[in-house]
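Comments concern the structure below.
The values are calculated or read from the model by the stated rules, or taken from the named source; none is laboratory data. Every value quoted in this text rests on a predicted model; they were computed, and no experiment measured them. Every residue, glycine as well, gets a Cβ built from its backbone with ideal geometry; the counts of neighbours run over all protein chains shown. Only protein heavy atoms, including side chains, enter the accessible area calculation; ligands, DNA and RNA are left aside. Shrake-Rupley method; radii C 1.70, N 1.55, O 1.52, S 1.80 Å.
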Amino acid sequence: LIQGESGTGKEMVAQALHESSARSSRAMVTVDGGTLQETLFESEIFGHERGAFTSADRSKKGLIEEAERSTLFLDEIGEASPAIQAKLLRVLETNTFRRVGGTRTLKSDVRFVVASNRNLAEMSQAGTFRSDLYFRLASFVIHVPPLRERREDIPLLVEHFLQRFAHGIERSIAPDALKLLMAYDWPGNVRELRNLVERAVILAGRDGRIRAEHFGPLVPRRADAVV
C-alpha cells in the first residue's frame, strides 16, 4: 500500500518496485480506480463473459489476467465501492476470481500494489473502507511524503525535468529562480513542479536559462521563507 498526497509520485514508486522485482520481465498493468464506475471497474479488473451485459458481445480478459506473473497497480483504491472491495479481498486472500457473468473460478498469480491519497486507516475506522481489506493491504505500507517535507529533492527534480524538456538545448536555472522554488509549499507536489518547469522551459525559449520571471504568478514570492 502506497499512501501520499496527490502528485507525490506514487505511481513512480510502484513502477520502481515492479522494476526491481522478479516480475520485471513483464510490464506492470495500471488502472485508476477513481475514474471508473462500479460496473465498468468490475469488468475492467475481472473481465467478463459473453452476454454478461448488453454490450458484452464477446468474452474479455480482465486486467488481473493481463497482469499474470506481473504487477497490477491499482491507483486510488480508496474510491473503490464496497462491492469491489469485497471482490478484491477475495482475490488477495484466495488468489482466485471469476469474470463478470462467469461461473468458472480462475487462479491468479499477480502481485498487487495499490495507492491512495486518502487515509485508509481513518476510512476503515469510519466504516467507509473495509477494515479487513485495509489490514490485508497494510501488511506493507510505503508513505510518500509531500514535496514540502523533502525540499532537498527539489534541485534534483528540477534538473531531471530540465533534461527531460531540453529538446536539444542546454538548460540551466538561475540561483534566484531555484531559491524561489525551494521556498514554495507545492500543494500539487511533484506533478505541479513538473508542469511549472515545463512551462518555464517554453517561456525561456532558445536562451536556455530559466529565471524567476519565467515562473510568473504561479509561485508566490516569499522573501521571508527559509530556504
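Worth a mention:
- Segment 111-123 - residue that is open to solvent by 20 Å² or more (accessible area, probe 1.4 Å) and in contact with a Ser or Thr (Cβ under 8 Å, 6 or more places away or on another chain) and, of those, nearest to Ser20 (Cα to Cα): Arg111
- Residues of segment 99-119 that turn out to be within 28 Å of Ser55 (Cα to Cα) and out of contact with any helix residue (DSSP H, G or I) (no Cβ under 7 Å at 6 or more places or on another chain), as a count: 7
- Remark: Ile77 falls outside the filter, which requires a residue to be within 22 Å of the chain's Cα centre (by Cα) and over 17 Å from Ala138 (Cα atoms).
- When residues of segment 1-44 are limited to those that are assigned to a strand (DSSP E or B) and among the hydrophobic types (A, V, I, L, M, F, W, C), the one surrounded by the most Cβ atoms within 10 Å (Cβ to Cβ): Ile2
- Only one entry in Gly78, Gly51, Gly47 is open to solvent by less than 20 Å² (accessible area, probe 1.4 Å) and at positive phi, namely Gly47.
- Note on segment 120-227: enclosed helices (runs of 4 or more DSSP H) holding 3 or more residues that are touching a helix residue (DSSP H, G or I) at 6+ places or on another chain (Cβ under 8 Å) and either basic (Lys, Arg) or over 28 Å from Ile77 (Cα atoms) (or both) are 154-164, 175-183, 189-204.
- Checklist (1) in contact (Cβ under 8 Å) with a residue 40 or more places away in the chain; (2) open to solvent by 30 Å² or more (accessible area, probe 1.4 Å) applied to Leu180, failing item: (2)
- Some residue of segment 66-80 being at pLDDT below 90 and in contact with a Ser or Thr (Cβ under 9 Å, 6 or more places away or on another chain): yes
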